[in-house]
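**Student:** One structure, pasted below without further comment.
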Amino acid sequence: MRNMAIAVNAAVDAGVVVTCASGNDGSPTEIVSPACASKVIAVGSVDKVDALASYSDGGVELDLVAPGEDQFGGAHYPEIVSCFSTLVLQAPEYCMYWLDADCVDDWFTVEGGKYIRAVGTSMAAPHAAGAASRCCWRRILRLTPQQVREILQSTADDLGAAGWDNLYGWGRINIGACARGRADGGQLSVRDHVTGGGGNVRGG
């Protein structure tokens, strides 16, 4: 696991924005590798009404939370539909859902196995990755991974204790605020690390 954390930090040093799932053990103080790596964006999970998912790991490395849901079914807790593969569906060693000794993945698949209903911080982390992509695209600037991380943190909707906390990090990602610049409608200073230029992006 230590090697994995080293590898993702190296990817960040190479200019890659990396988001990692914090883990599904329900620990408020210890997140899993590689989310514990110092340079990645560690993402926990909340449900549809922004309540912390019961399984979501927290800790000092946690940056943000994103939709990952908390339980199957019900109006307030719909599952997230994730890409899947019929090859995985037909391979018991990759089973996601077990009932006693039986794999029941087919109970949760959609569109003939192309997608699967799921919950977890592994569902939350891709939301943060998508938010990062959206923010970079709207600004058309070559931002460093650290700048992207700071933008996501500064535009998140604060949840839990005021400011950063070990359960929600800086809060739940807000793609709209991130794309506009800042949650308060002010200016966000960014610097192009390639050309050395910079400027302000004003919120909408």
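**Student:** Is it fair to say GLY163 is in contact (Cβ under 8 Å) with a residue 12 or more places away in the chain and either buried (at least 17 other Cβ atoms within 10 Å of the Cβ) or not basic (Lys, Arg) (or both)? Let's see the steps before the verdict.
**Tutor:** On the way: in contact (Cβ under 8 Å) with a residue 12 or more places away in the chain: no; either buried (at least 17 other Cβ atoms within 10 Å of the Cβ) or not basic (Lys, Arg) (or both): yes.
So GLY163 does not fit the description; no.
**Student:** Can we say SER38 is in a strand (DSSP E or B) and either at pLDDT below 95 or in contact with a helix residue (DSSP H, G or I) (Cβ under 8 Å, 6 or more places away or on another chain) (or both)? Walk me through how you get there before you give the answer.
**Tutor:** Working: in a strand (DSSP E or B): no; either at pLDDT below 95 or in contact with a helix residue (DSSP H, G or I) (Cβ under 8 Å, 6 or more places away or on another chain) (or both): yes.
In short, no.
**Student:** Name every residue in segment 113-155 that is part of a loop (DSSP other than H, G, I, E, B) and either assigned by TED's automatic domain parsing to the domain that holds SER45 or not basic (Lys, Arg) (or both), in order of residue number. Working first, answer last.
**Tutor:** Quick first cut of segment 113-155, residues part of a loop (DSSP other than H, G, I, E, B) only: 114, 119-120, 140-144, 155.
Passing the criteria: VAL119, GLY120, ILE140, LEU141, ARG142, LEU143, THR144, THR155.
**Student:** Just the residues that are in a strand (DSSP E or B), touching a strand residue (DSSP E or B) at 6+ places or on another chain (Cβ under 8 Å) and surrounded by 12 or more Cβ atoms within 10 Å (Cβ to Cβ), please, taken from segment 77-112. Break it down stepwise before answering.
**Tutor:** Our first condition is that a residue be in a strand (DSSP E or B); within segment 77-112, this holds for 80-83, 98-99, 102-103, 109-110.
Remaining after also requiring touching a strand residue (DSSP E or B) at 6+ places or on another chain (Cβ under 8 Å): 80-83, 109-110.
Selection gives ILE80, VAL81, SER82, THR109, VAL110.
**Student:** Restricted to segment 114-131, and to residues that are out of contact with any strand residue (DSSP E or B) (no Cβ under 7 Å at 6 or more places or on another chain) and surrounded by fewer than 23 Cβ atoms within 10 Å (Cβ to Cβ), which residue is farthest from SER85 (Cα to Cα)? Before you say what the answer is, go through the steps one by one.
**Tutor:** Here is the first cut: in segment 114-131, the ones out of contact with any strand residue (DSSP E or B) (no Cβ under 7 Å at 6 or more places or on another chain) are 114, 126, 130-131.
Filter once more, keeping what is surrounded by fewer than 23 Cβ atoms within 10 Å (Cβ to Cβ): 114, 126, 130.
Working: LYS114: 5, PRO126: 17, GLY130: 21 Å.
Step by step, filter segment 114-131, then rank; the result is GLY130.
**Student:** Looking only at segment 166-180, count how many residues are part of a helix (DSSP H, G or I) and either among the aliphatic types (A, V, I, L, M) or surrounded by 23 or more Cβ atoms within 10 Å (Cβ to Cβ) (or both). I'd like the intermediate steps shown before the answer.
**Tutor:** Of segment 166-180, the ones part of a helix (DSSP H, G or I) are 175-180.
Within this subset, residues satisfying the condition of being either among the aliphatic types (A, V, I, L, M) or surrounded by 23 or more Cβ atoms within 10 Å (Cβ to Cβ) (or both) are 175, 177-179.
Residues flagged as part of a helix (DSSP H, G or I) and either among the aliphatic types (A, V, I, L, M) or surrounded by 23 or more Cβ atoms within 10 Å (Cβ to Cβ) (or both) within segment 166-180 amount to 4.
The values are calculated or read from the model by the stated rules, or taken from the named source; none is laboratory data. The structure displayed is predicted, hence computed values, not measured ones. Glycine gets a Cβ as well: all are built from the backbone with ideal geometry, and neighbour counts include every protein chain shown.
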